[in-house]
Amino acid sequence: MSGAQLFRATLFHTTANAFRERDALRSEADGGLLVRDGRIVASGPFDHVRRADADATLVDWRGGIILPGLVDTHVHYPQLRIVGRLGRSLLDWLEQAALPEEARMADIAYATDTAVRFVAALAAHGTTTALVFGAHFAAATAALLDAAAATGLRIVSGLVLADRFVPAALRQAPGDAYRDSSELIRRFHRRGRLRYAVTPRFALSTSDAMLEMCQTLAAEHDDILVQSHINEDADEIRKVAEAFPWASDYLAVYDRFGLTGSRTVLAHNVHATAAELERLAASGTTIAHCPGSNAALGGGICPLRRHLDAGVRVALGTDVGGGTGFGMLKEGLQAYLMQRVAVDGVMLGPAQMLYLSTLAGAEALGLAREIGSLCAGKAADFVYVKPPAGSVLDAVLQRASGPEDMLAALFTLGGEESVQEVRVEGTVVHQR
Ligand code: GUN
Ligand code: ZN
C-alpha cells in the first residue's frame, strides 16, 4: 500500500479561463484521480494514472463524475432561513426580509445553529470554498468561522459593516467595527483553511468614516480580501448617488477608499457603465455574478458580454438568500438562461459554466494555485456526482453522446440529490 487513493470516474475540469482558451475543458470518460496526503498527484486517463502508482487503493466510482470542488464567491450565511421570499425588489426585500432576519443573529444560539446548517448546506451542494458575508455581530461571525473550521471547508468571511441605512440594531460605530474586525482577523485569518474579508455591506450602509476604516484594515493586512455589493438595482444606485454626491459613479465610492483591486470581489454589477468596467478591469477587481438573485430580486440581467469584452474578471455566486439556493450547478444554469434571453447575451457553453463555478472563483479568491481544477499539485478538493438511479439526470447521462452533453446535463439537472461525496484536501466533508 502506498497510502494513496485512486478514484476512477469520469472527470471534468477547466485548466484555464474558458472564455479565452478554446481547449480549457479537460474531460476523461474513464478517468483516474490519484490523491496522496490530500494533494492531487495525477489526473487523466485511468490506465495512465494507474501506472503512476500501482499500489494505490482503488475507489471505483465508475458511472459517476468527479468535478473540482465548487466555489461560491458570494453568499450570505445569516440569510439561510429566508431563501425564497419572492416578490420584492432589493431595498424592500432588505427592509422586510433580510435585515430583520440578520438582526436575529444577535442571539448567539440562533446564529450558531444557522452557521452549522449553512456550512452543511454548502458541502451538501458540492461547494468546498466560499466567500461569505458574515453577520453584523462579531460573535455570530465567529460562530460561522468556527463552524467552517469544524467541517474543514475553505471559508473566507468577515464581520458585516454598516453605520447607516440599516436598523439601529445592525449599526456599529467605525471605531468599534475596527476593534471587532481586528480581533476576528487575529483569531481566524489563516487559521487552517479560513481567511478574512473586510465586508462593508454596500456603499449605502457605510459612511465615509466606515469606508476609511475598511481601507485601514485592508492596508494593515495585505493578504485579507474585501467584499461588497455594487450596481445591483436602479433604486439602490440612485440612493448611492444621493449619499455620495461627489462620486462620479457607484464604483468611485469604493475606488476613493482603496477598496478595489485584485483582492476585492463585488457582487452583481448589473447596471455598469463603460467607465466602471474599464476601471474594474484595470484594477483587477472581480465581479461575483449572481444571476439567480438578479432574477429573483428583479435587479436585471448582468451585461456579461460587456464585462468580458472590457476584460473584467467574473466569477459566480449564489447570493443566498436573495438567490434561490446553494447549488452552484443551478447557478451556472441560471447564468446560461439569463444570458440566453439577454439582448446581446453570451451563449455560455458547458466549459464556461464549469470555469465560472470552479477555477474563476479560485482566481477571484487568490487560490488558483491551490484549488479550482484537478491538476496535479493542487489540493484534492473534489465532488463525486452520481444521480440517483431512476432519476431523469441518470437517464440523460446514459444517453449523452459526448462530454459536453454530459456536462450540460449536469448543470441543467444536477442538484443536491446527485452530490454523493465531497472532499477537501482528500478528507470527506460530506457524504450522502
Ligand atoms: N445589498 C446590500 N445588502 C444586500 C444583501 O444582503 N443582498 C443583496 N442581494 N444585495 C445587498
Ligand atoms: Zn449579496
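Within segment 315-327, is there a residue that is of a type in the set (Ser, Thr, Tyr), within 16 Å of ligand 2 (Cβ to nearest atom) and closer than 28 Å to Ala120 by Cα?
yes
Here's the yes/no breakdown for (1) of a type in the set (A, V, I, L, M, F, W, C); (2) open to solvent by 10 Å² or more (accessible area, probe 1.4 Å); (3) without any contact (Cβ under 8 Å) to a residue 40 or more places away in the chain; (4) more than 13 Å from ligand 1 (Cβ to nearest atom):
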residue	(1), (2), (3), (4)
Ala42	yes, yes, no, yes
Asp47	no, yes, yes, yes
Thr57	no, yes, no, yes
Gly63	no, yes, no, yes
Asp72	no, no, no, yes
Ser89	no, yes, no, no
Asp113	no, yes, yes, yes
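Does segment 225-234 include one or more residues that are of a type in the set (Ser, Thr, Tyr) and more than 16 Å from ligand 1 (Cβ to nearest atom)? If you could, list the steps in order and put the result at the bottom.
Filtering segment 225-234 down to residues of a type in the set (Ser, Thr, Tyr) leaves 228.
From what is left, the residues that are more than 16 Å from ligand 1 (Cβ to nearest atom) are none.
Scanning segment 225-234, I find no residue that is of a type in the set (Ser, Thr, Tyr) and more than 16 Å from ligand 1 (Cβ to nearest atom), so the answer is no.
Quickly run through segment 217-242 and pick out the residues that are more than 16 Å from ligand 2 (Cβ to nearest atom), open to solvent by less than 40 Å² (accessible area, probe 1.4 Å) and over 18 Å from the mean Cα position of the chain (by Cα).
Leu217, Ala218
For Asp319, all conditions in the list (1) outside any loop (DSSP other than H, G, I, E, B); (2) in contact with a Cys (Cβ under 8 Å, 6 or more places away or on another chain); (3) within 13 Å of ligand 1 (Cβ to nearest atom) hold save one; what is the number of the exception?
Going through (1) outside any loop (DSSP other than H, G, I, E, B); (2) in contact with a Cys (Cβ under 8 Å, 6 or more places away or on another chain); (3) within 13 Å of ligand 1 (Cβ to nearest atom) one by one, Asp319 breaks only (1).
Of a type in the set (A, V, I, L, M), free of Cβ contacts under 8 Å to residues at least 40 places away in the same chain and in contact with a Pro (Cβ under 6 Å, 6 or more places away or on another chain): which single residue out of Leu374, Leu413, Leu393 fits that description?
Values: Leu374 fails: free of Cβ contacts under 8 Å to residues at least 40 places away in the same chain; Leu413 fails: in contact with a Pro (Cβ under 6 Å, 6 or more places away or on another chain).
Leu393 is the lone residue from the list that is of a type in the set (A, V, I, L, M), free of Cβ contacts under 8 Å to residues at least 40 places away in the same chain and in contact with a Pro (Cβ under 6 Å, 6 or more places away or on another chain).
Does Leu407 fit the bill of being surrounded by 24 or more Cβ atoms within 10 Å (Cβ to Cβ), not aromatic (Phe, Trp, Tyr) and not in a loop (DSSP other than H, G, I, E, B)?
So Leu407 fits the description; yes.
Sort out which residues of segment 237-266 are away from ligand 1 (no atom under 16 Å from the Cβ), part of a helix (DSSP H, G or I) and hydroxyl-bearing (Ser, Thr, Tyr), and write them in order of number.
none
Mind listing whichever residues of segment 168-198 are closer than 26 Å to Gly38 by Cα and more than 21 Å from the chain's Cα centre (by Cα)?
Arg187
Could you identify the single residue in Ala130, Ala150 that is under 19 Å from the mean Cα position of the chain (by Cα) and of a type outside the set (Asp, Glu)?
Values: Ala150 fails: under 19 Å from the mean Cα position of the chain (by Cα).
Checking each option against the conditions leaves just Ala130.
Is segment 272-286 home to any residue that is in contact with a helix residue (DSSP H, G or I) (Cβ under 7 Å, 6 or more places away or on another chain), in contact (Cβ under 8 Å) with a residue 12 or more places away in the chain and within 15 Å of ligand 1 (Cβ to nearest atom)?
no
Can you give me the number of residues within segment 1-24 that are at pLDDT below 95 and surrounded by 24 or more Cβ atoms within 10 Å (Cβ to Cβ)?
Final tally of qualifying residues: 0.
Quick grid of which residues meet (1) β-branched (Val, Ile, Thr); (2) buried (at least 23 other Cβ atoms within 10 Å of the Cβ); (3) closer than 25 Å to His221 by Cβ:
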residue	(1), (2), (3)
Glu101	no, no, no
Arg117	no, no, no
Thr128	yes, yes, yes
Ala147	no, no, yes
Leu159	no, yes, yes
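Can you tell me which condition Val83 does not meet? The list is (1) open to solvent by 10 Å² or more (accessible area, probe 1.4 Å); (2) over 17 Å from the mean Cα position of the chain (by Cα); (3) within 13 Å of ligand 2 (Cβ to nearest atom), and all the others hold.
(2)
Quick check on my filter: what residues within segment 337-351 are in contact with a Gly (Cβ under 9 Å, 6 or more places away or on another chain) and assigned to a helix (DSSP H, G or I)?
Within segment 337-351, Met338, Gln339, Pro350 qualify.
So Val156 clears everything in (1) in contact (Cβ under 8 Å) with a residue 40 or more places away in the chain; (2) more than 24 Å from Gly361 (Cβ to Cβ) except one condition, right? Which one?
Looking at each condition in turn, Val156 falls short on (2).
State which residue is nearest to ligand 2 (Cβ to nearest atom) when the search covers only segment 267-305 and only residues that are within 16 Å of Ala234 (Cα to Cα) and assigned to a strand (DSSP E or B).
Ala267
Could you check, for segment 183-197, whether at least one of its residues is part of a strand (DSSP E or B), closer than 22 Å to Ala362 by Cα and open to solvent by 10 Å² or more (accessible area, probe 1.4 Å)? Talk me through it step by step, then tell me what you get.
Going residue by residue through segment 183-197, those that are part of a strand (DSSP E or B) are 195-197.
From what is left, the residues that are closer than 22 Å to Ala362 by Cα are 195-197.
Restricting the remaining residues to those that are open to solvent by 10 Å² or more (accessible area, probe 1.4 Å) gives 195.
Looking for residues that are part of a strand (DSSP E or B), closer than 22 Å to Ala362 by Cα and open to solvent by 10 Å² or more (accessible area, probe 1.4 Å), one finds at least one in segment 183-197, hence yes.
The values are calculated or read from the model by the stated rules, or taken from the named source; none is laboratory data. A quick note: this is a predicted structure, and the numbers were derived from the prediction, not measured. Reconstructed Cβ throughout: ideal geometry from the backbone, glycine too, with neighbour counts over all protein chains shown. When the accessible area is computed, the model is the full protein with side chains, heavy atoms only, and any ligands, DNA or RNA have been set aside. Shrake-Rupley method; radii C 1.70, N 1.55, O 1.52, S 1.80 Å.
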